[in-house]
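Since every read-out is calculated from the coordinates, none of them should be taken as a lab result. Everything numeric in this text was worked out from a predicted model, so none of it was measured. A quick note on method: Cβ atoms are made from the backbone with ideal geometry, for glycine too, and the neighbour counts reach across all protein chains shown.
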Amino acid sequence: MPQATVHLLRHGEVHNPDGILYGRLPEFHLSELGQRMAKTLAVHFSDRVADGANIAYLVASPLTRAQETAMPIAEALKLEIHTEARIIEARNHFEGLRVNKAELRKPKHWPYLRNPFVPSWGEPYKDQAARVIAAVQDARLRAIELGGDRAEAILVSHQLPIWSTKLSAEGKPLWHDPRKRECTLTSITSLVFDDDGGLLRVEYSEPAAALLPGASSTPGA
């Protein structure tokens, strides 16, 4: 079986002037800065193809922000965007709210705060990692089918599912401090597989790092 790489790409900045946790809510579009980030990633991947990279398959979460991040890449690489529900944002009890100290003090939320190790306020980390890893493996095989040896796939997803997947792939505990996630807007977490489909290594890069200063830090989940 040929080698392959699957890139987990986080979407660009979202237009979210109210600073709510948008989660899986529909119609949260990229901001102007987010659109610039997406175009920067399209140039990045185009340059890699020009240098010999074999990018054969493009996938995006069904959420608007992921689809919009994938569009410039699809145009630049002349690839179809395949929608994959398994790489969607994590489910979260606080979706649609501004999550601050005043909100968290409300008694109605207390049952959801009982266990941060799961976490009790949303989709378990292990479930997120399991569904994304399954989608990654399918994308790996599809990329090989389309492109052969050393084919690559791009999956446009969301910070928490990507981070949970990275921790799981590296055999690390899934509980973590959200402030310490290494998964910035339009960052790339690359899973490199060997001939047998085993994970060789995990790589990380930030092609749009120059656009990050001043970008919104409101998380999606």
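As I understand it, the dipole of segment 4-211 uses +1 on the Cβ of Lys and Arg and -1 on the Cβ of Asp and Glu, about the Cα centre. Which of 186, 115, 143 lies farthest toward its positive end?
115
Out of all Cα-Cα pairs in segment 123-210, roughly what percent, to the nearest whole number, are more than 18 Å apart?
On the way: 1709 of 3828 pairs.
In whole percent, the share of Cα-Cα pairs in segment 123-210 beyond 18 Å is 45.
Loop only per DSSP, at most 14 neighbouring Cβ atoms within 10 Å: give me the GluC sites (Glu not before Pro) in segment 135-198, ordered by residue number.
170, 182
Based on the Cβ-Cβ distance from residue 190 to residue 127, what FRET efficiency comes out when R0 is 25 Å, to the nearest 0.05?
Computed FRET efficiency for residue 190 and residue 127: 0.65.
Name the lysines eligible as straight-distance cross-link partners of residue 172: C-alpha to C-alpha under 26 Å, and not fewer than 8 places from it in the same chain.
126, 180
On a straight-distance basis, which aspartates and glutamates could pair with residue 166 in a cross-link, Cα separation under 18 angstrom, same-chain partners fewer than 8 positions away excluded?
In chain and number order, the partners are 89, 123, 127, 138, 152, 177, 182, 194, 203, 206.
Between 0 and 90 degrees, rounded to the nearest ten: what's the tilt of helix 64-77 against the longest Cα principal axis of the chain?
Roughly 20 degrees between the two axes.
With springs only between Cα atoms under 10 Å, which of 187, 61, 168 fluctuates most in a Gaussian network model of the chain?
Most flexible of the set in this elastic network: 168.
Rounded to a whole number of µm²/s, how large is the Stokes-Einstein D of the chain at 25 °C and 0.890 mPa s, given Rh as the Kirkwood radius over C-alpha pairs?
139
How far is helix 125-147 tilted, in degrees, relative to the longest principal axis of the Cα atoms in the chain, given as a value from 0 to 90 rounded to the nearest 10?
20
Can you pull a Stokes-Einstein diffusion coefficient for segment 53-128 at 20 °C (1.002 mPa s), Rh from Kirkwood over Cα pairs, as a whole number of µm²/s?
The diffusion coefficient I find is 142 µm²/s.
Mind pulling the angle between the C-alpha long axis of helix 159-169 and the longest principal axis of the chain? Nearest 10 degrees, somewhere in 0 to 90.
60
Which longest uninterrupted range of the chain lacks any chymotrypsin sites (Phe, Trp or Tyr not before Pro) assigned by DSSP to a loop state (not H, G, I, E or B) and surrounded by at most 13 other Cβ atoms within 10 Å?
The answer is 1-116.
Assign unit charges at the C-beta atoms only (+1 for Lys and Arg, -1 for Asp and Glu), then state the dipole size of segment 4-211 relative to its Cα centre in Debye, rounded to the nearest 20.
Charge dipole, segment 4-211, about its Cα centre: 1040 debye, nearest 20.
Can you list the trypsin sites (Lys or Arg not before Pro) in segment 71-161 that are in a DSSP coil and have 16 or fewer other beta carbons within 10 angstrom?
Passing sites in segment 71-161 are 78, 91, 98, 105, 114, 150.
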